[in-house]
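Just below is one structure, and these are the notes that go with it.
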Amino acid sequence: MRRNQVAVVGAAETTKLGVVPDMSQMQLHADAALNALGDAGLTIKDIDGFATAVEQPQQVCHYLGITPTWVDNTSVGGCSFMIHVRHAAAAIEVGLCSTVLITHAESGKSNIGRTPRGIAPDSLNGQFELPYGVTTPASMFPIPVLRYMKTYGITHEQLASVAVVQREWAGKNPRATMKDPITVADVLNSRMIAYPLRILQCCLVTDGGGALILTSADRAKDFRTRPVYILGTGESVETPMVSQMETFNSSRAFKVAGPLAFREAGISHKDVDHLMIYDAFAHLPLYGLGDLGFMPHEETGKFIADGNTRPGGKLPLNTNGGGLSYMHSGMYGMYALQESVRQMRGTAPAQISNAKISVCHGVGGMFAASGTIIFTNQR
Amino acid sequence: MAEPQRARPKATPETRHFWDGVDAGELRLQRCNKCAKAYFPPRPFCPGCGHREVTVFKASGRGFLYSYIIHHRPAPGFTPPYSIAVVELEEGPRMMTNVVDCPQTPEALQLDMKVQVKFEKIDDKTTLPLFVLAKG
């Protein structure tokens, strides 16, 4: 895809994040969409392309009053929205539509009007994983961690430092769910969920949503918001079964999507001013730093523990507080994208001064899928 | 009211041989007749090369502990804490299982320990391939 041909011109989260018992999942979609339209200065009738995950496009389009000429329902978990951005950029470039709305919403905590998601007993997951007592993502996503730690010499303290650093970022963000500072000892003394991960290394469970509006870069200059250009994109999938990953030492989906986006953007790692790596659990930033090529996997734990990703560090990472401390409704990718857009607009609560390039890397399922978007505010 | 129970697998035509094997006390894998890749989970073609001629064979049932968690949250049919493990079989494929008949602790469960399949009948209709630490 060509660089900087498409831009984000509208971006917003739901009015409330966290616990929102007075809104159904569908209304959270609408609330985010209406906020993003307001941000862009558009009306719903200006939207001719639509993408979402879990809910079907016709559900959300009908609810909002959209008549689309292009829809995408890629639903591969939390990075679906990164992939929607990639597909939307391609669709706009070839003229399938001109103005795309992407929405995410999840009543993850309050469970109101939530679309059911289950595993059939005759699916491969139902036959070859479910009978062994896997339940929530916390019982599946951490399964590769011990192997990763042994292979690369990552310590429990280093893994705990991921949560500590992200809480430090969250402390700067008024919208973050958890803001009180924590220490490595706090993390290592918190309640065990799925050894080796404790509760402070697992994502929050919250309600919320977010929406993005994209259009061509040529049109973007006429909007009142500062355009945030799509510089590079990547996507891939691997397996719905965490047990069947090629290796636990890395994510194949990460290793395809991330480098693809870097090549498309024509940038190197030293050009990156701001980084988001979807952190459903504390080990994901380690996999991300290694698989995206920022450093060898052996160095990822030390890099974070040494403070390189904390406020003032050389590689600001998960600056909203991440899924561990900001919010995590179930499919967190939209919130990572929102933070990248805020950083590129210069409007983030913990703004990185003079940031020009933001890499936003997502995971879907339990390392099942991946999407990477590289944003810039320079054309 | 009955307690919520452990999830039961339900075979499809493509996986029937595996579950029939477990019922007969055999861990059955498949191997490609063309490229010789051994693979899991079951399917009637090779995921390595796409070849449709494959052979079901009896695996040794031996392998090593590739990775695991110890789950401390409640799950239907389980008493926490319990291990959810991935073992790598001698023949190459990996599979999810539980390592049983040993303390469910990080001290007892060390990566790369040798393991051996143990067929555990969980009710009249269902047997599952669980694993135990290998002796010696």
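A quick yes/no check of all residues on (1) closer than 16 Å to residue B:131 by Cα; (2) touching a residue at least 12 places away in the same chain (Cβ under 8 Å):
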{"residue": "B:15", "(1), (2)": "no, yes"}
{"residue": "B:36", "(1), (2)": "no, no"}
{"residue": "B:40", "(1), (2)": "no, yes"}
{"residue": "B:43", "(1), (2)": "no, yes"}
{"residue": "B:55", "(1), (2)": "no, yes"}
{"residue": "B:62", "(1), (2)": "yes, yes"}
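Consider region A:228-247 and keep the residues that are surrounded by fewer than 23 Cβ atoms within 10 Å (Cβ to Cβ) and in contact with a strand residue (DSSP E or B) (Cβ under 6 Å, 6 or more places away or on another chain). The one that is nearest to residue A:366 (Cα to Cα) is A:237. Report yes if residue A:208 is at pLDDT 95 or above and at positive phi, otherwise no. Spelling it out, residue A:208 is indeed at pLDDT 95 or above and at positive phi. Screening B:52, B:43 for residues that are within 14 Å of chain A (Cβ to nearest Cβ) and in a loop (DSSP other than H, G, I, E, B) leaves exactly one candidate, B:43. Checking region B:85-106 against the condition returns no match, with no residue being closer than 18 Å to residue A:248 by Cα, in contact with a Cys (Cβ under 9 Å, 6 or more places away or on another chain) and within 11 Å of chain A (Cβ to nearest Cβ). Tallying residues that are in a loop (DSSP other than H, G, I, E, B) and either surrounded by fewer than 24 Cβ atoms within 10 Å (Cβ to Cβ) or out of contact with any Ser or Thr (no Cβ under 6 Å at 6 or more places or on another chain) (or both) within region A:329-349 yields 7.
Considering only region A:254-269, I want to know if a residue exists there that is modelled with pLDDT of 95 or more, among the aromatic types (Phe, Trp, Tyr) and either over 30 Å from residue A:156 (Cα atoms) or surrounded by fewer than 20 Cβ atoms within 10 Å (Cβ to Cβ) (or both). Within region A:254-269, one or more residues are modelled with pLDDT of 95 or more, among the aromatic types (Phe, Trp, Tyr) and either over 30 Å from residue A:156 (Cα atoms) or surrounded by fewer than 20 Cβ atoms within 10 Å (Cβ to Cβ) (or both).
Results for (1) within 23 Å of residue A:247 (Cβ to Cβ); (2) of a type in the set (Ser, Thr, Tyr), shown as yes or no for each residue.
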position: B:65; (1), (2): yes, no
position: B:88; (1), (2): yes, no
position: B:91; (1), (2): yes, no
position: B:97; (1), (2): yes, yes
position: B:105; (1), (2): no, yes
position: B:121; (1), (2): no, no
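The criterion of at least 2 residues that are surrounded by fewer than 14 Cβ atoms within 10 Å (Cβ to Cβ) and in the same structural domain as residue B:19 (by TED's automatic domain parsing) is met by none of the strands (runs of 3 or more DSSP E) falling completely within region B:56-136. Criterion applied to B:86, B:22, B:117 was being touching a helix residue (DSSP H, G or I) at 6+ places or on another chain (Cβ under 7 Å), aliphatic (A, V, I, L, M) and modelled with pLDDT of 95 or more, and the one residue passing it is B:86.
Restricting the search to helices (runs of 4 or more DSSP H) fully inside region A:154-252 and requiring at least 2 residues that are within 14 Å of chain B (Cβ to nearest Cβ) gives A:156-170. Which of the numbered conditions does residue A:117 fail, given that it passes all the others? Conditions: (1) in contact with a His (Cβ under 9 Å, 6 or more places away or on another chain); (2) more than 8 Å from every other protein chain (Cβ to nearest Cβ). Of everything listed in (1) in contact with a His (Cβ under 9 Å, 6 or more places away or on another chain); (2) more than 8 Å from every other protein chain (Cβ to nearest Cβ), residue A:117 misses just condition (1). Of the strands (runs of 3 or more DSSP E) lying entirely inside region A:42-123, those containing at least 2 residues that are touching a residue at least 40 places away in the same chain (Cβ under 8 Å) are A:49-52, A:99-107. Which members of region A:211-258 meet the condition of being touching a Gly at 6+ places or on another chain (Cβ under 6 Å) and either basic (Lys, Arg) or free of Cβ contacts under 8 Å to residues at least 40 places away in the same chain (or both)? Selection gives A:224 alone. Being within 14 Å of the chain's Cα centre (by Cα), in a loop (DSSP other than H, G, I, E, B) and farther than 28 Å from residue B:104 by Cα, is that true of even one residue in region B:12-32? Yes: one or more hits.
Report yes if residue A:107 is touching a Gly at 6+ places or on another chain (Cβ under 7 Å), more than 26 Å from residue A:377 (Cβ to Cβ) and modelled with pLDDT of 95 or more, otherwise no. So residue A:107 fits the description; yes.
Here is a yes/no grid of residues against (1) under 19 Å from residue B:97 (Cα atoms); (2) surrounded by fewer than 20 Cβ atoms within 10 Å (Cβ to Cβ); (3) not aromatic (Phe, Trp, Tyr):
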{"site": "A:117", "(1), (2), (3)": "no, yes, yes"}
{"site": "A:122", "(1), (2), (3)": "yes, yes, yes"}
{"site": "A:139", "(1), (2), (3)": "yes, no, yes"}
{"site": "A:145", "(1), (2), (3)": "yes, no, yes"}
{"site": "A:157", "(1), (2), (3)": "no, yes, yes"}
{"site": "A:165", "(1), (2), (3)": "no, no, yes"}
{"site": "A:185", "(1), (2), (3)": "no, yes, yes"}
{"site": "A:193", "(1), (2), (3)": "yes, no, yes"}
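Output the residues belonging to region A:133-153 that are assigned to a helix (DSSP H, G or I) and free of Cβ contacts under 8 Å to residues at least 12 places away in the same chain. Passing the criteria: only A:150. Filtered by the rule that a residue be within 22 Å of residue A:336 (Cα to Cα) and touching a helix residue (DSSP H, G or I) at 6+ places or on another chain (Cβ under 7 Å), region A:24-48 gives A:26, A:29, A:30, A:33, A:37.
If you check A:300, A:309 for being part of a helix (DSSP H, G or I), in contact with a helix residue (DSSP H, G or I) (Cβ under 8 Å, 6 or more places away or on another chain) and polar (S, T, N, Q), only one passes: A:300.
The values are calculated or read from the model by the stated rules, or taken from the named source; none is laboratory data. From a predicted model like this one, the values you see are computed outputs, not experimental measurements. Virtual Cβ from ideal backbone geometry, glycine too; neighbours counted across all protein chains shown.
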